[in-house]
Structures are given as C-alpha cells and as structure tokens.
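**Student:** Mind looking over this structure? Questions follow.
Nothing in this text is a laboratory measurement; each read-out follows from the coordinates by a stated rule. Computed from a predicted model, the values in this text were never measured in an experiment. For neighbour counting, all protein chains shown are included, and Cβ atoms are generated from backbone atoms with ideal geometry for every residue, glycine included.
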Amino acid sequence: MADKPAGAARELNSILATDCGSTTTKAILIERQGGEYRLVVRGEAPTTVEKPFEDVTAGVRNAVREVEELSGRRFLSDEGIIARSGGTGDGTDIYLSTSSAGGGLQMMVAGVVKQMTAESAERAALGAGAIVMDAVAVDDGRLPHQKIERIRNLRPDMILLSGGIDGGTITHVVQIAELVAAAEPRPRLGIGFKLPVIFAGNKDARPHIQRILRDKFDLRTVENIRPVLEVENLGPAREEIHNLFMEHVMAQAPGYDKLMKWTQVPIMPTPAAVGYGMQNAAKQHRMSVIGVDIGGATTDVFSVFGEEYELFTRTVSANLGMSYSISNVLLEAGTENIVRWVPFDLDLTDLRNRIRNKMIRPTTIPHTLEELLIEQALAREALRLAFEHHKTLAVGLKGIQRREEDIARMLSQESTGQTYIDLMALGMLIGSGGVLSHAPRRAQAALMLLDAFLPEGVTQLAVDSIFMMPQLGVLATVHPEASAQVFDRDCLIRLGTAIAPVGPGREGEPAVTVQAELPGGRTVTEHVPYGGLRRIPLDVGQEAQLEIRPARHLDVGAGRGRTLRRKVQGGVVGIIVDARGRQPFGLPADGKARLKKLVEWIVALDAYPMETLERLVPGAAEVAAAG
C-alpha cells in the first residue's frame, strides 16, 4: 500500500472522501462515533469533466454540498475543502479522492514473452488501476509494422515496457523499445506533452533503452518486474504508475490541478482504490476475498489469497458489461448459455432483439419480471466469463521469493496456466454494481453470485450497498482500521453463508446434512439431496454453529466424507445449502427438467414474488407447494 502522508498518524474524527466516476461523483462523510468509525451521510452529483463545464471540481462541489445539507455542517469555501481546526464545527480532518473520470487510467504494456514478462506487466498495470488497452510482445504473432500501427493508434496515457531477466539477453527488449520509438504514440491527454514510458525490464538494457526512448518520451526506470524467473516484483512498477498518473494524467485532466491541491493524499485511480480496499478487508478479517464490480461497459474482478494475503490480482473484462457492452456478452457466452438461466420459454430472436435494444438505450432498466429475469441471466454469464478471464491471470508468482521446493511447482503452474484461485479456501465473495447491489430482492443477488462463481465449501456472500469501496480503499492507505470498520458496518450488506459440497453425484441421492444450532437454543437439521438448494433463516448479526456432514464422495472443506464443524454468520438471505454440484454444475440438459429445476431453486430462496412468477411460469406454485 502507499506510504502514509505526513500528519496521517494524528487522530481522525472526520473524514470526507469523494469518488469522481465517469458519470457520477459520489461524496461520503465518515466520523468517529462512540469509539468506532461510521458512515454519516453521502451525496452525489453528475461528474463535470467534459463540456460545457470541463472542471471536475464543479461536480465535487455539488456532491459535497449535498453532504453539507444533510449533515448541517459546512465543508466548502471559495478555496476548496475546509480543513478542520478543532474537534468540532465546520470542515474535515482529512479529504481524500479517487477518480475514473475521463475514461480512467488507460495503458499499453509490452514485454518480450507474451506468457511471461508481458503477462507480468499486464498484472502490474491492472493492479495499479489501469485498463490495459493491449499487450505487445515479440511472440504475439503480429508483424512489426502491425505492432507499430497498433501502438500509434492506441493513444494511451502511458506505456509499461518490460522484458528479460537481469543479466540476460537484451536483444529482444531493445527490439520492443525500437517499435515503440518508431510508432511515436501521442498521449490521450495533454497535447504537446511527452508520453510517459516506464521501463521495468533487464537492468543491463537500461543504457540502450535510454538512448532509444529518452528524446521522444518521458522515460522512467524502475526495478525489473522479473529480475529472475522465479520472482515477480510488481511493487516498484505499480508505484511509478501511480506517480505518473498524478503527474501526467491527473495534471492534464480538466480541473484536476485544483482538486489535487485540495487533497492531503494523492488522488488514486478508482479501480486501484477498490483493490486496496479488498486487500485491507482480507487482512483485517483474516480471510481470502474475491470481489466483482459489474458495470455498464466493464466487469472488474479482484482476488486476495495467500497465507499473508499477499496474492492480489485485478482483471478488467473491458468487453463485458450490462449496457454498453451487453452485445459482447451475447457474442462470447452464446444464446444457449444465456437462455439456460431463464425459467420460461424464450424465443432466441426475441432475446437478441432485447439485447440490441439495451445496447441502443443503455440507461434503461427492467420494468417487468420477464425483463428482470433476462437481465439477470445475462449478468450470470458476464460474471462467469469475467471470472474465467480473471483465473487466467491469477497465476504464477506474486512479488516475493518462495522456498526452493515451491519454485518448481509455481513454474509448473505458470506453464500450464493453473490458477492460484482456491474456491475451497475462499472466505468471502463480494458483489458490486447495479445488477447486484440494486436487485429487487437480495436473494436474487445471492443466486447470481452462486451461479456465476460456484463457490465451494463454506463462503460468506455479500454485496456493496452503495459502492463506497473506492473511498474506503484510499482511506485504507491512511487509516486501515477506519476503512475496515466502515466497510464491515456500513458498506457491506451480508447476504449470508453458502455451504457447497464438491464432488460427483446423482440427482436426488443424499448429498449433505446440515445441523444448525441457532440463537435461542433452537436446532434445525436439513437433509439436502444432490441437485437441491435449501435455505436456513439466520438474520444479519446472528451466528450459528454448524455441523456439516457430506456424503462419503463429497467434500465441504474437511476432506471427502468428513464432517466439518464451523461457526457461521447470518445475513439477509441466511444460510444457503447449495448441493447442485460444481464440476459439472447440476443444470439438466432437458428443457422441461431445466425449467422445473430453475423454479425449484427460485422457490427455495424465495427470490421472486410467487404471484408474479406464477403468471410468467405456469406451474410455479405447484413446484413451490411440492417443495
């Protein structure tokens, strides 16, 4: 994480933070109340980075004015944000901000070997909060003139150049540098400024890189991303990306020169801040975390794993979204994969037309249950595809030297593409984005997360209530405890805990028995067959002691057939026992059987109003009665 700014160690009683998004600027006020930090009020306003305003601080002022009105306090002056002078009164102890306005941070990366140094460079850029526009490598299959044309046309905010281990050959990384020099790409913002290029490759190649690039670009040199084959060192490159983001991207974006003077902490790219927030949550709660933010144009997936929660990966599926990119979801997933989640007969031509209409009118929202079910079916596929993409990059080493006996294993993972994502070890799955956070019933969000990610064993499910993860992420660089407290108490809506046995089975045969000791001394026992889904009510803030007894060929985290005892937390939905299978997932191929199964699962979680569902799906009430 970033170093703490001067004075950050002092006691913070009032924290004002904004996130300048591409369309909306959101402001939150956090205060210390009775020994803990809580969200007090929030405000939002349209972002004003484009014409006719072209000054991001106008949108910030409008959002903060809403906070002023709701809190009855003053935070704005003609000069900017008021710094608090005492323990009470107007102003705030610290003001923080993140930004993805103007398209966020857009980068191109380059390396020698596509599956090694170029992939490491991509992980470094993604972890720093960038959208990676392209990854150029010596072995990427394109001819030199094609690479030059591509680099020239991209107009990124900056380029990250890597390649070679320290002391190795320099020929190939020099070739990549010559391609960049020949292309002479211009920056997206700030006409007349030199495009920033970060070199994070073989240290022996630095003199040659200087000679080739220093006259045409703002060249920065940092430690090698892959100093030896067994080590991936992403920290220095990510830190320099943040520095250049402030110096070049933010300095040239409309109004950010003023906003930078208001903040006591450097402005951070929104996705990078979300990543910091996820890492902080994992460390504070001592559990591995996967988070997803599904938007209109992109879907970001974050994961934090490892013994010390040091394995952090972020990916951006820039072609998977719920409005602007919804046709790409259809293209990549295919109509069959989308229709399989819809619990009624749907004409494929009708489906394609609905998707085209959504792309043409991206701000529309579902008005009927039929439209809602189709949108949530699309969301499942967008989430599934984004997670598959994420697993291809969550591989290999992550910035620290490992024991020698681990090196061969990790190199083997790298060569085979095996991911380090271990769903059985996953502690919490967090969903964010309109389709998840604003689902009419929380059980719908739980079903979408279960269907798309297929968590295994025992996993907590949650959604981000109002998407304040960016502000909490930048706050984590200053005050991790305050960030974690607000994250836990005000940001997350806990859906409950999922119990998912893993292993092959036949439909209807015994899969798992869950005995729950509930608050008040009550005991509930659920015998769930293979292919079934059950819910045990357990409210938010409540805990239950579970005894989970899987069938002899199934595993819930203690080994095949072994009983697991675990204390779990409740949520809006409660405890969800998901015995539908994992590999393969238990969705029948037969059309009528599939529709019946989907309705069974919907009824099990009470995900949709039965009276409306019965009008759309005749026979749904009979399924509910049988269940």
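**Student:** May I ask you to list the lysines whose Cα is less than 26 Å away from that of residue 114, ignoring any residue fewer than eight positions away on the same chain?
**Tutor:** 147, 203, 216, 391, 398
**Student:** What are the semi-axes of the equivalent ellipsoid of the stretch 14-101, taken as the square roots of 5 times the eigenvalues of the Cα gyration tensor, listed largest first and rounded to whole Å?
**Tutor:** 23, 13, 10
**Student:** Could you compute how fast the stretch 270-496 diffuses translationally, taking Rh as the Kirkwood radius over C-alpha pairs and applying Stokes-Einstein at 37 °C with viscosity 0.692 mPa s? Give it in µm² per second.
**Tutor:** 180 µm²/s
**Student:** Which loop GluC sites (Glu not before Pro) in the stretch 297-364, with loop taken from DSSP, have no more than 10 other Cβ atoms within 10 angstrom of their Cβ?
**Tutor:** Within the stretch 297-364, the qualifying GluC sites (Glu not before Pro) (loop, at most 10 other Cβ atoms within 10 Å) are 307, 308.
**Student:** So which trypsin sites (Lys or Arg not before Pro) in the stretch 242-336 pass both tests, a DSSP loop state and at most 14 other Cβ atoms within 10 Å of the Cβ?
**Tutor:** Within the stretch 242-336, the qualifying trypsin sites (Lys or Arg not before Pro) (loop, at most 14 other Cβ atoms within 10 Å) are 286.
**Student:** Relative contact order of the stretch 14-101, please, whole-number percent, based on alpha carbon pairs below 8 angstrom and at least 6 residues apart.
**Tutor:** Relative contact order comes out at 32 percent.
**Student:** Let me ask another. Place +1 on the Cβ of every Lys and Arg and -1 on the Cβ of every Asp and Glu in the chain, take the dipole about the Cα centre, and give the residue among 254, 349, 52 whose Cα lies farthest towards its positive end.
**Tutor:** 349
**Student:** Which residue, chosen from 359, 309, 284, occupies the Cα position most advanced towards the positive end of the dipole of the stretch 270-496, where the dipole is computed from +1 (Lys, Arg) and -1 (Asp, Glu) charges on Cβ about the Cα centre?
**Tutor:** Farthest along the dipole direction, towards plus: 359.
**Student:** Only Lys, Arg, Asp and Glu count, each charged at its Cβ (+1, +1, -1, -1), so figure out the dipole size of the chain about its Cα centre, rounded to 20 debye.
**Tutor:** For the chain, the charge dipole is close to 300 debye.
**Student:** Continuing with this model, one more query. Taking the highest mean first, how do the peptides 122-129, 525-532, 361-368, 242-249 order by number of other beta carbon atoms within 10 angstrom per residue?
**Tutor:** Ranked from most to least packed, the peptides come out as 122-129, 242-249, 525-532, 361-368.
**Student:** Count charges around residue 490 for me, please; just the other residues with Cβ under 11 Å from its Cβ, Lys/Arg as +1, Asp/Glu as -1.
**Tutor:** Its environment carries a net charge of 0.
**Student:** Same structure again: Taking amide H atoms as placed 1.01 Å from N in the peptide plane, list the residues 5 or more away in sequence, or in a different chain, whose amide H sits under 5 Å from that of residue 84.
**Tutor:** 92, 93
**Student:** With +1 assigned to the C-beta of every Lys and Arg and -1 to the C-beta of every Asp and Glu, and no other charges, what is the dipole magnitude of the stretch 14-101 about the Cα centre in debye, to the nearest 20?
**Tutor:** It comes to approximately 220 debye.
**Student:** Take the Cα gyration tensor of the stretch 286-398, multiply each eigenvalue by 5, square-root it, and list the three semi-axes largest first, rounded to whole angstrom.
**Tutor:** 31, 13, 12
**Student:** Could the peptides 138-146, 380-388, 159-167 be put in order, highest first, of the mean number of other beta-carbon atoms found within 10 Å of their residues?
**Tutor:** 159-167, 380-388, 138-146
**Student:** Stokes-Einstein diffusion coefficient for the chain at 37 °C in a medium of 0.692 mPa s, Rh from the Kirkwood formula over Cα pairs: what value in µm²/s?
**Tutor:** Taking Rh from Cα pairs, D becomes 127 µm²/s.
**Student:** Hey, another quick one. Need one number for the stretch 98-194: average projected area of the convex hull over its C-alpha atoms, nm².
**Tutor:** 6.6 nm²
**Student:** Farthest toward the dipole's positive end in the chain, which of 263, 533, 508, given Cβ charges of +1 (Lys, Arg) and -1 (Asp, Glu) about the Cα centre?
**Tutor:** Value computed over the given set: 508.
**Student:** How do 38-46, 467-475 rank on mean C-beta neighbours within 10 Å, highest first?
**Tutor:** 467-475, 38-46
**Student:** At 27 Å minimum axial length over the Cα atoms and a Kyte-Doolittle cut of -0.5, report the qualifying DSSP H helices in the chain, or say none.
**Tutor:** 369-393
**Student:** Share of antiparallel DSSP beta bridges in the chain, in percent to the nearest 5?
**Tutor:** 60 percent
**Student:** Then there's this: Once the convex hull of the alpha carbons of the stretch 233-273 is built, what does its volume come to per residue, in cubic angstrom?
**Tutor:** Hull volume normalised by residue count: 70 Å³.
**Student:** Then there is this: Rounded to whole Å and sorted largest first, what semi-axes of the equivalent ellipsoid does the C-alpha gyration tensor of the stretch 301-366 yield via the square root of 5 times each eigenvalue?
**Tutor:** Equivalent ellipsoid semi-axes, largest first: 31, 15, 10 Å.
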